[in-house]
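A short worksheet on the structure shown next.
The values are calculated or read from the model by the stated rules, or taken from the named source; none is laboratory data. Predicted model only: the values in this text are computed from it and were never measured. Cβ sites come from the backbone with ideal geometry, for glycine too, and all protein chains shown count toward neighbours. Protein only, heavy atoms only, side chains kept; ligands, DNA and RNA dropped before computing areas. Shrake-Rupley method; radii C 1.70, N 1.55, O 1.52, S 1.80 Å.
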Amino acid sequence: KSGWQTAKNVITVGAMDQATYSIASFSSRGPVQDGRIKPEIVTNGYATRSTYPFDSYQLNYGTSMAAPVITGVTALLQEDHRKLHAGANAKAALLKALMCNTADDLGNPGPDYTYGFGMLNAGKAAKALEDNRYFSNSIATTQNHPYNIVVPAGARRLKVMLVWADHPATANASVTLVNDLDLTVTEPSSLVHLPLVPDPLLVTNNATEGADHTNNMEQVVINNPGAGTYNININGFAIPQGPQTYFLTYQVDMNGVTVEFPSGGETLVPGETETIRWTAYGDESNTFTVEYSDNNGSTWNAAGAGSNNVAASARSFNFTVPAIASNNYLVRVSRNASAFTDQSDLNFTVLGQPFI
């Protein structure tokens with residue numbers, strides 16, 4: 001990689017195929033020359049319906065389709081921040097932290113050089129912003145800034161991320177990191193976790209815990225965290241151009257199922273194929289049942305052939321929209337042989353397209 005997309009303080013976007021949750025063959029991979037993680041995030045850039053020359057629409061492919069998704073979500077998060085903070089704009093590093101730390105992990109566990117920190121989940125990013133699940137401060141060399149967060153029982157994963165807009169490096173520097181901050185997270189049992197760092201010499205290997213002196217964003221991931229108070233520490237390891245402002249954010253993924261689409265308020269067209277999407281944690285060897293209701297949940301129907309035995313690893317199901325027009329539709333996804341289930345937050349509508 002070369003050029004502006006490798007800059008430290010931008011967000012570089014990879015393209016994935018959202019139908020298969022896999023990276024697109026044309027999407028560039030990292031690392032960059034000094035070993036930094038690129039891309040930071042991925043989203044759909046495969047078979048995206050978009051405008052086309054001569055007043056038409058066609059399916060398009062490329063990171064040029066994925067990057068506008070992140071751009072649009074960034075604008076929406078900025079709008080949300082302004083509403084919550086009397087018109088004040090959020091710093092770019094905060095929005096970057098929120099999007100990357102709430103992304104749904106794909107590929108190798110933790111950050112990697114293909115999917116970065118994972119697939120964008122705009123709803124989770126907005127929720128983290130609205131719930132004030134972040135901190136900000138400025139730090140100098142040798143200083144330590146402690147924070148405490150409480151993790152409830154039933155959590156599947158804790159993710160803590162530190163991001164800062166680093167000072168510019170000198171031209172042609174072999175290592176572009178200037179101000180070096182370190183993140184640690186200590187469990188209630190006193191076990192200390194370091195950030196997950198991928199190896200730039202063994203790019204297909206899983207990231208391992210270690211001190212990160214390369215990236216200006218660090219993420220600690222703790223699987224199946226016990227309930228209790230977790231201690232987070234930010235250390236100013238070496239900050240020659242300080243003090244350095246940073247943002248710290250955290251995400252707790254709870255065991256259970258969450259229907260992502262349709263979540264409510266959508267209008268779907270009879271006979272068309274729509275993709276029901278969900279996220280799920282816990283009892284991860286069990287399959288799923290996917291259903292829909294056309295009477296506001298009084299009764300439920302199979303969402304299609306095989307919908308009572310959807311693969312345990314699946315997070316989507318192709319659904320043929322029913323022919324009956326109504327505004328009382330819901331979708332429900334349940335993890336079989338478990339208590340985990342969720343349905344659309346609100347009703348969605350099925351209605352034919354008007355034509356002339």
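Of note:
- 17 Å reach of a label modelled at Asp80, 7 Å along Cα-to-Cβ, counting backbone N of region 135-155: 135
- 21 Å Cα cut-off, lysine pairs counted over the chain (separation 8 or more, or different chains): 20
- Other residues lying with their Cβ under 9 Å from the Cβ of Asn301 contribute a combined charge of -2, Lys and Arg counting +1, Asp and Glu -1.
- Electrostatic bookkeeping for Val321 treats Lys and Arg as +1 and Asp and Glu as -1; over the other residues with beta carbon under 13 Å from its beta carbon, the sum is -4.
- Listed residues Pro322, Leu194, Asn309: farthest to the positive end of the dipole of the chain (Cβ charges): Leu194
- Sum of side-chain charges, Pro240 neighbourhood, beta-carbon under 14 Å (Lys, Arg +1; Asp, Glu -1): -2
- Computed helical MRE - 222 nm, the chain, DSSP H runs ≥ 4 contributing -39500 (n - 2.57), nearest 500: -3500 deg cm²/dmol
- Ratio of the Cα radius of gyration of the chain to 2.2 N^0.38 Å, where N counts its residues: 1.06
- Contact order normalised by residue count of the chain, Cα under 8 Å, 6+ apart, percent: 15
- Inter-site label distance for Tyr57 and Lys91 at 7 Å from Cα along Cβ, in nm: 4.0
- Once all protein chains are placed together, Ile11 keeps about 50 Å² accessible to a 1.4 angstrom probe.
- Membrane-span-like helices in the chain, defined purely by DSSP H runs whose alpha carbon atoms cover 27 Å or more axially and whose average Kyte-Doolittle hydropathy reaches 0.0, are 63-84.
- Thr176, Thr273, reordered so the largest accessible area comes first (probe 1.4 Å): Thr273, Thr176
- Dimensions of region 14-120 based on its C-alpha atoms, expressed as ranges along the principal axes with the largest first, amount to 42, 41, 25 Å.
- Computed from phi, the 3J(HN,Hα) profile of region 217-222 under the Karplus parametrisation 6.51, -1.76, 1.60 (θ = phi - 60°) reads 8, 10, 9, 9, 10, 10 Hz, with x in place of Gly and Pro.
- Per DSSP, loop GluC sites (Glu not before Pro) in region 252-344 with at most 15 further Cβ within 10 Å: Glu266, Glu272, Glu284
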